Structures are given as C-alpha cells and as structure tokens.
Amino acid sequence: MKKSMSILLTAALAASMTVCAAAPAMASEEGDTLNIYCWNEEFKSRITDHYPGYEEIDATTGKIGDVTVQWNITPNQDNAYQNNLDEALLNGAGVDLFLVEADYALKYVGTEFAMPVADLGITEDELANQYQYTKDIVTDADGNLKGVSWQGCPGVLIYNREAAKEVFGTDDYEAVQAKVADWDTFVATAAELKEAGYKVIASVNDSYRVYSDNVTTPWVVDGKINIDDNIVKWVEDSKALVDAGETETFELWSDDWNKGFYPDGKVFAYFGPAWLIDFCMAADTEGSIANAGGWGAVEGPQGFSWGGTWICGAAGTDNPTLVADIMRQMTTNPEVMKDIVVADNDFVNNKPVMEELAADESYGDAVLGGQNALAMFCAGAEKIDKSFISPYDQACTEEFQRAMKNYFDGNATYEEALDLFYKGVVEKHPELTY
C-alpha cells in the first residue's frame, strides 16, 4: 500500500533541506521566470485584473516587468492538482509560488517546502488587518505563518425570496432568519416547506460544512480517527430530512444539485460564502433565480466558512522579492482589495475595507436583489475558529460524505457506512487507526 503524499513530503525534507537552506531568502539577482502552481483560473484572473503592472501574454503566460510569469494550472479533480504540485516540489522543478486550500493546507504548511512569510520580509504589522482565522490555517506547529490569502470565506444561508413569500408570507430577512435560527427550527421549517412543494436545501451535502465548521475536536486525535458530536448531529438531522423527503443526497456541483438555481427546481436554500453566490449560482444565465436577483441572505443556524485560497512561497524560489510583492499587493493593499470587492463581489481578507463597504448604502449585490450582506459576512468572519483543522480533513470529509450517502439512501446501516468511512480513510492514510 502506498504511503500518503503528506508523509512522502515530510520524509523528503531531510534530503531537500540542504538545497533549501542554501537558497538565500532574498537573492541579489532574481530569476527571469516566475512559476505559479494553482488549480483553476481564479487567482490568475485576480492577478490579471488587479496586480499593478501585470501584462497578459496568453492563457498560461504573462509578464511582470522583465519576469515571465508561467501559470501551471491543473484541475483539482481526482487529486490531480496536489499530485502535480507534490511531484514538482519533490523533484525541485522550480516552483516559485503555489496555492493551497483549507482542507489540505497543513499538508504543505507542515513542511519546509512552504516558506515562512517572515523570511520574505513580510511583517506582522503588514498583516494586522487580516482575519485571524486566515492566518491560523497556514501557521505551522512552530508558529510560523507560511501563507497569506486575499479572501475571507464566511458563509450564510442563501434563500429563495419567492419561496419565502409563498410559504412564509414574507421574504423579510428577520422573518426568514427566525425560520432557520437553529437546527431544530430549521428541521421544523423543512416540513413546512415540503407541504408547499419545496426542498429545504438541494442536498444534505449543502449543510455539511456548517456542521463540520462548528466541531470541538479534530478528525484525528493521537493518530486515531475521531468523529465529533456535531458531525454525528449532521448525520442524524440529514437522515431525518432525507427520510421525510425534505432534501436529497445529490453530489455538490452535479446537474441535479444545480436545478435549484432555477425556479422550477423548487429549492428553498443553499449554504455558501460570497464566491458561491456570485460565481456558482448561474447569475449570468437568463431564467435563473440569481439572474433575476431572486436570492436573499441570512445568517442561518450556525456561522461557518467554506473554502478560500492561500498563497504560499516555495522554499528555494529565485524570485523572493516578486513573490513577496505579489503577497503584499494582493492581500494587504487596501486599494487593490477594495477593487476586488467592487469588481468581483469577492469578500476580501481586510477588515477595514470590508467594514467600510458593509456600511456603504450604495453597495449591493445584484444576485441578492441589491441586498448589502457584507455586515453579515463581516460578523461571521470574526467568529470563525479553525483550531481543530488537521492535515487529514480533506480525506475524512470526502470519505465520510461518500460513506454516509449509502446510509441516507437506505443502502447501508449506519454501522456499515462507518466501516466504509474508516476503511476509505485508512486506505489514503495507512498511518491512522480507528
């Protein structure tokens, strides 16, 4: 059985340390090519649109001054991005800057392949306006910050205004929030929505990250797989909703899941952050709820976050000055960050910028019918706690949802589904027990 790449990365450190240590933190002469590794076009579009002086050459190439920017973009599907990045890092393939997501950030942060941002000359004072949780996610066991993000990803409950009017008699934010104020109320409201022909959410997987972001223990404790009480509650609540015909078990991003973006899909709500609202709910498609400005936002049963992208400098980069400047411009420059919010409706990782826009009566999101939900997002971002993340989160999340679908669909008992989960995780991480 193969060892997990996180172990291979760690095991390779001894061999790579002499190479990494030999590379000066701030080389006097820097390289003529900046190699960036990422999984989609999002960061590239942010750089293209907002980084001062960036010149786009073609889909995978750009220029910053005399430096050629080479984009190495590999989709996440089937772990392809991580596999490609791992191979490049292990083989010393000239990675200068790479991106990570929260679910697997610690896999890289816990190694010397990711540079402490302090070694790039970036100080704590420069990062003072960033939300604390965005720093916690990319801080190693020794307290070294090894990445920065331009995003904050607090989540809200995104509700269908027309459905609210039909079922509750109003789409007023406070009235809707009262209907979803906690999980028991949420489940009761699901029955009310069912009577009117609506699913409360498109899939049990919509609510998973709300529960999982409010755990009080990590997925792995002393090498043993652990299931937190709030994850168990997700199973219990989800099973009740599925058995009552009040939601489904669709995979996120599937065609069946997407149907709720349209009136005929008869879905009351989705859970998500700002990026889901504006980039994933068919806002540009005529006939969609988003295109008509038909969604609204409330806090929902619990605060949570979903996603986010972190910029990491690769140890040994021959472009440390440029890497540092990209980090500064994209995550600490208030003008750049404000431009990202206004142009892209992204929630950025700068508290003063977000608080200013939250109080701006002229700002509103067309998808939300002109509602300015930024104050809600700001409040949520302050409450996010990532104390219990682990390097195993992605594997545990994927395998748990996959296994529990069998239980929700009636194809396995809960105990049988748990067995599938444990075996799936151990296959990916044979160092774990259960």
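The residue pairs whose first member lies in region 408-429 and is of a type in the set (Asp, Glu), whose second member is outside any helix (DSSP H, G or I), and whose beta carbons are closer than 6 Å, counting only pairs six or more residues apart or on different chains, are ASP409/THR249. Report every pair of residues separated by at least 6 positions or lying on different chains whose Cβ atoms are under 6 Å apart, first residue within region 358-379 and more than 25 Å from GLN132 (Cβ to Cβ), second loosely packed, with under 15 Cβ neighbours inside 10 Å. Close Cβ pairs satisfying both conditions: GLY364/GLY370. Of the helices (runs of 4 or more DSSP H) lying entirely inside region 1-90, the ones with 3 or more residues being modelled with pLDDT of 95 or more are found at 42-50, 80-90. For VAL95, the requirement of being assigned to a loop (DSSP other than H, G, I, E, B) and in contact (Cβ under 8 Å) with a residue 24 or more places away in the chain is met. Only one entry of ALA381, ALA375 meets the criterion of being within 15 Å of the chain's Cα centre (by Cα) and either surrounded by fewer than 22 Cβ atoms within 10 Å (Cβ to Cβ) or in a helix (DSSP H, G or I) (or both), and that entry is ALA381. Pairing residues of region 183-205 that are among the charged types (D, E, K, R) with residues that are modelled with pLDDT of 95 or more and buried (at least 24 other Cβ atoms within 10 Å of the Cβ), at Cβ distances under 6 Å and at least 6 apart in sequence or on separate chains, gives LYS199/THR247; LYS199/VAL267.
Residue count for region 112-136 under the criterion of being modelled with pLDDT of 95 or more, outside any strand (DSSP E or B) and closer than 26 Å to GLY94 by Cβ: the result is 9. Taken as a whole, region 161-176 holds at least one residue that is surrounded by fewer than 15 Cβ atoms within 10 Å (Cβ to Cβ) and of a type in the set (Val, Ile, Thr).
The set of residues in region 233-288 being touching a strand residue (DSSP E or B) at 6+ places or on another chain (Cβ under 6 Å), assigned to a loop (DSSP other than H, G, I, E, B) and not charged (D, E, K, R) consists of THR247 alone.
The values are calculated or read from the model by the stated rules, or taken from the named source; none is laboratory data. Quick caveat, the model's predicted, so the values are computed rather than measured. Virtual Cβ from ideal backbone geometry, glycine too; neighbours counted across all protein chains shown.
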